[in-house]
Amino acid sequence: MSAITISIVIPTCNRQLGALRAVESALGQKLDGAFEILVIDDGISEQSLAHKTLQKYIHNGQIKYLQNKGPHGAAFARNFGVAHAQGKYITFLDDDDCYLPGRIQNMLNTMITEKYVFVSSTRFHESFDFRQIKNWPNQLSGIITLYDIQFINDIDIGFIVKREDFLKLGGFDTNFYNLEDWDFLIRILQLGDGFKLDRQDYAENVNPDRARNSDNGHISYRQLADKHRSIFGGRWYGIMLAIADQTQGIFTLQKALRYAARFHTMTPINIYLKKLFNNLK
């Protein structure tokens with residue numbers, strides 16, 4: 001058997017139809033080298049709906065199905081998948097998203113140059129099985145540095161990294177409520193630059209009736225602020241606290257003034273005024 005070039009890790013939990021769509025989009029990738037797809041079922045039942053839905057792909061060996069006996073969360077499930085992966089490179093796909101044709105090979109072509117610590121591409125939003133499509137404006141592309149993502153993560157979960165780098169950094173931090181991918185990218189970008197292709201080939205599902213792991217992000221904004229304050233400094237820390245409060249819906253003028261005075265930045269006041277202006281529209 002030829003060596004596996006890349007492993008695609010798909011965590012899933014009680015989304016059998018989404019998991020099927022994600023798996024089929026991964027199987028549709030045409031790659032020069034061998035690849036594997038690992039589905040990590042983070043559900044409680046060993047005979048979950050995802051297992052039943054994916055039976056034909058499990059039995060014919062097109063995917064590796066691993067029962068995580070969860071729920072442990074997406075970060076844990078992804079780490080579990082990487083621990084069982086055999087590829088030199090790894091990438092990820094959420095069970096409510098999907099790849100467009102050519103995504104993985106195009107990213108690999110850049111990754112194998114050994115110039116970057118990760119490679120990604122741009123994305124777009126879709127809902128109700130592509131009945132609605134919305135562009136994601138003003139996305140970064142080209143070389144990505146640590147400071148490009150200090151206030152917002154512009155990289156989707158489907159980035160490619162070397163498996164050895166992922167393991168060296170300890171994978172995703174399972175202490176995070178969510179936004180663990182942002183935390184990982186901050187850590188890996190301290191090793192070098194990343195790269196983002198200007199190619200919209202990651203479809204991110206945003207159905208309004210579908211809960212996502214990114215809900216309640218204010219908790220992880222505070223986790224990020226506490227963990228990486230030593231890297232970005234006090235001014236950044238204060239701004240992140242302001243963003244967390246705004247995300248939670250508890251940001252007030254008094255808090256904005258207090259953050260501005262304490263951390264010597266006008267940004268919290270600007271955040272508050274922008275929110276106030278938008279509410280008055």
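Rule-based calculations on the coordinates, nothing more; no lab input. Predicted model, so just to flag it, every value in this text is computed and none were measured. Every residue, glycine among them, receives a Cβ derived from its backbone with ideal geometry; neighbour counts consider all protein chains shown.
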(request) Calculate, in nm to one decimal, what ILE231 and LEU273 gain on full extension: separation in residues at 0.36 nm each, minus their alpha carbon distance. (result) 12.4 nm
(request) Name the aspartates and glutamates eligible as straight-distance cross-link partners of LYS255: C-alpha to C-alpha under 20 Å, and not fewer than 8 places from it in the same chain. (result) ASP226, ASP245
(message) Highest mean first, how do 239-248, 145-154, 190-199 rank when packing is the count of other Cβ atoms within 10 Å averaged over residues?
(response) 239-248, 190-199, 145-154
(message) How big is the dipole moment of the stretch 4-205 about its Cα centre under a simple scheme where the beta carbon of each Lys and Arg is +1, that of each Asp and Glu is -1, and everything else is neutral? Debye, nearest 20, please.
(response) 440 debye
(message) Compute the orientation-averaged projected area for the stretch 10-114 from the convex hull of its Cα atoms and round it to one decimal in nm².
(response) 6.4 nm²
(request) Amide H neighbours of CYS98 under 5 Å, at least 5 residues apart or on other chains, H built in the peptide plane: list them. (result) ALA203, ASN205
(request) Place +1 on the Cβ of every Lys and Arg and -1 on the Cβ of every Asp and Glu in the chain, take the dipole about the Cα centre, and give the residue among ILE37, ASN178, ASN14 whose Cα lies farthest towards its positive end. (result) ASN178
(request) Identify, among ASN153, ASN138, ILE58, the residue whose Cα sits farthest towards the positive end of the charge dipole of the stretch 4-205, taking +1 on the Cβ of Lys and Arg and -1 on the Cβ of Asp and Glu, with the dipole about the Cα centre. (result) ILE58
(message) Taking 25 Å as R0, compute the FRET efficiency from the Cβ-Cβ separation of VAL206 and GLN248 and round it to 0.05.
(response) 0.75
(request) Take the Cβ-Cβ distance between LEU257 and GLN105 as r, set R0 to 41 Å, and report the resulting FRET efficiency rounded to the nearest 0.05. (result) 0.20
(request) Calculate how steeply helix 253-263 sits against the longest principal axis of the alpha-carbon atoms of the chain, using the helix alpha-carbon long axis, and give the answer as 0 to 90 degrees to the nearest 10. (result) 90 degrees
(message) To test your reading of the geometry: what angle, between 0 and 90 degrees and rounded to tens, separates the Cα axis of helix 234-248 from the longest principal axis of the chain?
(response) 70 degrees
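Between LYS115 and ALA83, 0.36 nm times their residue separation minus their Cα-Cα distance comes to what?
Gain in length upon complete extension: 9.0 nm.
Return a single number: how many Lys pairs in the stretch 4-205, at a sequence separation of 8 or more or on separate chains, have alpha-carbon atoms below 14 angstrom apart.
Count of close lysine pairs: 6.
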(request) Return the FRET efficiency for the residue pair GLN55, LYS30: r is the Cβ-Cβ distance, R0 is 35 Å, and the value is rounded to the nearest 0.05. (result) 0.90
